[in-house]
1. Which condition does Trp115 not pass, out of (1) among the hydrophobic types (A, V, I, L, M, F, W, C); (2) crowded, with 18+ Cβ neighbours inside 10 Å; (3) without any contact (Cβ under 8 Å) to a residue 40 or more places away in the chain, if it passes all the others?
2. Please state which of the following conditions Phe237 fails to meet, knowing it meets all the rest: (1) surrounded by 15 or more Cβ atoms within 10 Å (Cβ to Cβ); (2) without any contact (Cβ under 8 Å) to a residue 60 or more places away in the chain; (3) of a type in the set (Phe, Trp, Tyr).
3. Tell me yes or no: at least one residue of the stretch 213-223 is in a helix (DSSP H, G or I), touching a residue at least 40 places away in the same chain (Cβ under 8 Å), under 17 Å from Asp61 (Cα atoms) and not β-branched (Val, Ile, Thr).
4. Would you say Ile195 is of a type outside the set (Phe, Trp, Tyr), modelled with pLDDT of 95 or more, buried (at least 20 other Cβ atoms within 10 Å of the Cβ) and not in a strand (DSSP E or B)?
5. Output the number of residues of the stretch 78-95 satisfying the condition of being among the small types (Gly, Ala, Ser), within 18 Å of Asp128 (Cα to Cα) and either modelled with pLDDT under 95 or in a loop (DSSP other than H, G, I, E, B) (or both).
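The values are calculated or read from the model by the stated rules, or taken from the named source; none is laboratory data. Every value quoted in this text rests on a predicted model; they were computed, and no experiment measured them. Using ideal geometry, Cβ is built from the backbone for each residue, glycine included, and neighbour counts are taken over all protein chains shown.
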Amino acid sequence: MTDKLKMENMTVLNDVDIVDGLGGGISDIDVLQSIFGPPQVDILNRQLEWLLNEVQDVPGDIVELGVHTGNNAGQFMWFAPGRRYIGFDTFKGYTESDIENDPNKEGLLQNQGRWKYDKNKTIERLEDLNKKLNQVGRLLLANPDITLIYDFKIIDGDLKKTLPKAIDEGQIGVVSLLYVDCNAYMPAIKGMESIYPILNSGGMICIDEHQNGGESKALEEIATKHGLEIFETGFEFMTGVHSNPSKYIIKT
């Protein structure tokens, strides 16, 4: 992958052009479904779109804790094609220390096997999505020669170790949005503590937890430490493949 969104034919398009042409230019869900098919971006997650709109003027990468099959990653690619996406996941479920140190230990144990997934399948899915977005872009922008390259990276392993290492190695620059979808307290707090120093002013840390579990505890601690207010998105929890952002802080 590259460090920036590039057009091989040297056509210059900015984020607004691309989003207007891709995300904003499609209103017929049947068209989306015919091109993508489930479980890609056949149904757009307007809640994640709202998050990205909140940080649209804040430069920086999108970092996600908890990738799984890449549902959220695909949405971020759709709504923010000019941003780099870096996702972290064990792809094996929670570590023993994550479970033992979580306020919702029983809940993690009950869902331990649910989050096991093949990292390569997630990468293949996002690469396939990239190809399909190119098809849509060429149609909507009426230019068959345009090639859009979406910059993303998936890093597997225990993020309590892999995330600080990625930062030290310069794999992550400044961050505009940290999206926490890992459920467990230990990776959530370590992720927030690691990202906060490189979170841009105006950048957001958001969780998708709608109960008082590990993500909520971590967000409360970070907010208290830095004197920040926790905001509610107002979105209700809905079962399904899509994430429902619940609470967030903005770095001042």
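1. (3)
2. Every condition holds for Phe237 apart from (1).
3. Initial filter on the stretch 213-223 (in a helix (DSSP H, G or I)): 214-223.
Add one more test, that the residue is touching a residue at least 40 places away in the same chain (Cβ under 8 Å), and what stays is 214, 217.
Checking the rest, the ones that are also under 17 Å from Asp61 (Cα atoms) come to none.
Within the stretch 213-223 (the criterion being in a helix (DSSP H, G or I), touching a residue at least 40 places away in the same chain (Cβ under 8 Å), under 17 Å from Asp61 (Cα atoms) and not β-branched (Val, Ile, Thr)), the answer is no, since none of the residues qualifies.
4. Values: of a type outside the set (Phe, Trp, Tyr): yes; modelled with pLDDT of 95 or more: yes; buried (at least 20 other Cβ atoms within 10 Å of the Cβ): yes; not in a strand (DSSP E or B): yes.
It is true that Ile195 is of a type outside the set (Phe, Trp, Tyr), modelled with pLDDT of 95 or more, buried (at least 20 other Cβ atoms within 10 Å of the Cβ) and not in a strand (DSSP E or B).
5. Pass one, the stretch 78-95, residues among the small types (Gly, Ala, Ser): 80, 82, 87, 93.
Subset that is within 18 Å of Asp128 (Cα to Cα): 80, 82, 87.
Then drop every residue that is not either modelled with pLDDT under 95 or in a loop (DSSP other than H, G, I, E, B) (or both), which leaves 80, 82.
Qualifying residue count, the stretch 78-95: 2.
Per-residue answers, yes or no, for (1) among the small types (Gly, Ala, Ser); (2) in contact (Cβ under 8 Å) with a residue 12 or more places away in the chain:
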residue: Gln75; (1), (2): no, yes
residue: Gly82; (1), (2): yes, yes
residue: Gly87; (1), (2): yes, yes
residue: Lys92; (1), (2): no, yes
residue: Glu96; (1), (2): no, no
residue: Asp102; (1), (2): no, yes
residue: Gly107; (1), (2): yes, yes
residue: Asn111; (1), (2): no, yes
